[in-house]
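The values are calculated or read from the model by the stated rules, or taken from the named source; none is laboratory data. The shown structure was predicted, so the numbers you read here are calculated from the model rather than taken from an experiment. Positions of Cβ are backbone-derived with ideal geometry, glycine not excepted, and every protein chain shown enters the neighbour counts.
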Amino acid sequence: MRHIFKHTRHPLAQAVTQAAVALCVVAGMSAALAQTPPANRVYVSSEKDNKLYVFDTQGQRLSAIEVCNRPRDMRFNKDHSQIYVCCGESNALGLVDVASGKMVGQVPLDESPEMFDLSPDGKTVFVTIEDDSVMGAYSLETKKKLFEVKVGGEPEGILITPDGKHAYVTSEEANLVHYIDLASKKIVKNIKVGNRPRRFTLAADGKELWVTNELSASISVVSTEDQKLKHTISFKIKGMRANDITPVGSTLSADGKTVWVGLGKANHVAEVDVATREVIKTVLVGKRAWGLTLHPDGKTLYVANGLSDDMTLVDTAAGKAMRTVAVGRVPHSLLVQP
């Protein structure tokens, strides 16, 4: 006679299994949440404090992240899970995990790195190296140097074209913008601009490169189609001498119609119409307004004031400063995570 036994699971075993599954689901959800970059954040690099200060988008300080020495330029990686920060005295690119608020690694760079940009695929970082007067390329995967291109003295600003084929680099000493072919690793054109060119913004749907000239109180508008100077925009503020107007940082508005410019020692920012190249408005902020960035919704401009050690939040529609908050010593760059 054949006996057939039907397997019946004990109720207690079933309950334990269900509880274990539930715990795994909760743990998985918690891990996913822990890895999600926090929203509503502004990050400010402090050159003297060796920290990134974290604020909410209304300007309330939340925390600080210890990083490498003399943090300057910053960028998010593609999914905003990490912040890359260029550290001028550690000669390194710090890798900051946004979710944990901790620096988790470094990429070695050459002496006195200034500013950087990323390849379109996010795998290579291109850095201006002040002491050696070069543009260096470094792999973020292997953390090794790939190559370098010799440029003019005191390179600072750098911009990689959207197709990843060329780089623009400013030389503060030579008053030039170098146009570099990344495949041949050679300068293919030198573009004469104003005195002490500093940084870049792409405008007019990528057809124009706007170059801030710190010691000319101006912006040089360069065509990205033929690499020729098209126009010069001069800044004037009533009651101020030209040599007190020192533009450095700039950023494109959310709708692409205007560019905001930090006017340095003039303690103002200016909004410039891209089409007409006319200054629309100026706004009084803190001392030596250089670094600046916009909230993605375009409503708030965040300005790093390097000599007053603070950040000004500007209402872009009203053209007025809403508040100014302390951010540590010598703030350099800002990032916004909405």
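Odds and ends about this structure:
- Of the residues making up the stretch 185-210, those that are part of a strand (DSSP E or B), in contact (Cβ under 8 Å) with a residue 60 or more places away in the chain and not acidic (Asp, Glu) are ARG199, ALA203.
To keep it simple, each residue is scored yes or no on (1) free of Cβ contacts under 8 Å to residues at least 12 places away in the same chain; (2) in contact with a Pro (Cβ under 8 Å, 6 or more places away or on another chain); (3) not in a loop (DSSP other than H, G, I, E, B).
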residue: GLY164; (1), (2), (3): no, yes, no
residue: TYR168; (1), (2), (3): no, no, yes
residue: TYR179; (1), (2), (3): no, no, yes
residue: ALA183; (1), (2), (3): no, no, no
residue: THR212; (1), (2), (3): no, yes, yes
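- On the stretch given as the stretch 143-162, residues that are assigned to a strand (DSSP E or B) and either over 19 Å from LYS228 (Cα atoms) or hydroxyl-bearing (Ser, Thr, Tyr) (or both) total 8.
- If you filter the stretch 256-300 down to residues that are hydroxyl-bearing (Ser, Thr, Tyr) and touching a residue at least 12 places away in the same chain (Cβ under 8 Å), you find that the one that is farthest from LEU335 (Cα to Cα) is THR282.
- Set side by side, the residues ASP117, ASP132, ASP110 differ, and just one is within 15 Å of PRO155 (Cβ to Cβ) and out of contact with any strand residue (DSSP E or B) (no Cβ under 6 Å at 6 or more places or on another chain), which is ASP132.
- Meets criteria (modelled with pLDDT of 95 or more, of a type outside the set (Phe, Trp, Tyr), closer than 20 Å to ALA204 by Cβ and part of a strand (DSSP E or B)) for VAL272: yes
- Any chance ILE180 is crowded, with 20+ Cβ neighbours inside 10 Å, over 20 Å from VAL85 (Cα atoms) and either in contact with a Ser or Thr (Cβ under 8 Å, 6 or more places away or on another chain) or at pLDDT 95 or above (or both): yes
- Residue match in the stretch 221-238 (condition: touching a Gly at 6+ places or on another chain (Cβ under 8 Å), part of a loop (DSSP other than H, G, I, E, B) and modelled with pLDDT of 95 or more): yes
- Boolean, LEU95 is within 16 Å of LEU335 (Cα to Cα), touching a residue at least 40 places away in the same chain (Cβ under 8 Å) and in contact with a strand residue (DSSP E or B) (Cβ under 7 Å, 6 or more places away or on another chain): no
- Residue within the stretch 48-61 that is of a type in the set (Lys, Arg), at pLDDT 95 or above, over 13 Å from GLU114 (Cα atoms) and crowded, with 19+ Cβ neighbours inside 10 Å present: yes
- Any pair with Cβ under 8 angstrom, 6 or more apart, that starts in the stretch 225-250 at a residue that is on the phi > 0 side of the Ramachandran plot and ends at one that is β-branched (Val, Ile, Thr) and outside any loop (DSSP other than H, G, I, E, B): GLN227/ILE191
- Yes/no for VAL327 being touching a Lys or Arg at 6+ places or on another chain (Cβ under 9 Å), surrounded by fewer than 20 Cβ atoms within 10 Å (Cβ to Cβ) and modelled with pLDDT of 95 or more: no
- Taken together, the residues in the stretch 230-247 that are touching a Lys or Arg at 6+ places or on another chain (Cβ under 7 Å), surrounded by 15 or more Cβ atoms within 10 Å (Cβ to Cβ) and over 14 Å from ALA266 (Cα atoms) amount to 1.
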